[in-house]
Amino acid sequence: MVAVRYRDGVVMAGDRRATSGNWISHRTIEKVFPADESSCVGIAGTAGLAVELVKLFQVELEHYEKIEGAQLSLD
């Protein structure tokens, strides 16, 4: 996983392999997910749990934006 910050934003990338010990268990897993229009989430470690956590985070962000009428900000 690597993230690079530049003047206009951030670029985030990750490899596409999932491993189990010395074995490659999946060669094309997604590890970087959009969270909303202006943010993303990268995962590492236990892929199954991390993917479910990302899905939950996406739903929570959508719920927040509907309740508040605005996107979540870093401020």
Which one of these is among the acidic types (Asp, Glu), touching a helix residue (DSSP H, G or I) at 6+ places or on another chain (Cβ under 9 Å) and at pLDDT below 90: 36, 8, 75? 36
Only one of 60, 30 that is touching a Gly at 6+ places or on another chain (Cβ under 9 Å), open to solvent by 80 Å² or more (accessible area, probe 1.4 Å) and without any contact (Cβ under 8 Å) to a residue 40 or more places away in the chain: 30
Taking the options 24, 43, 67, name whichever one is open to solvent by less than 60 Å² (accessible area, probe 1.4 Å) and of a type in the set (Val, Ile, Thr). 43
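The values are calculated or read from the model by the stated rules, or taken from the named source; none is laboratory data. Keep in mind that this is a model prediction, so the values were computed, not measured. Note that each Cβ is placed from the backbone with ideal geometry, even for glycine, and that neighbours are counted across all protein chains shown. Calculation scope for accessible area: heavy atoms of the full protein, side chains included, ligands and nucleic acids excluded. Shrake-Rupley method; radii C 1.70, N 1.55, O 1.52, S 1.80 Å.
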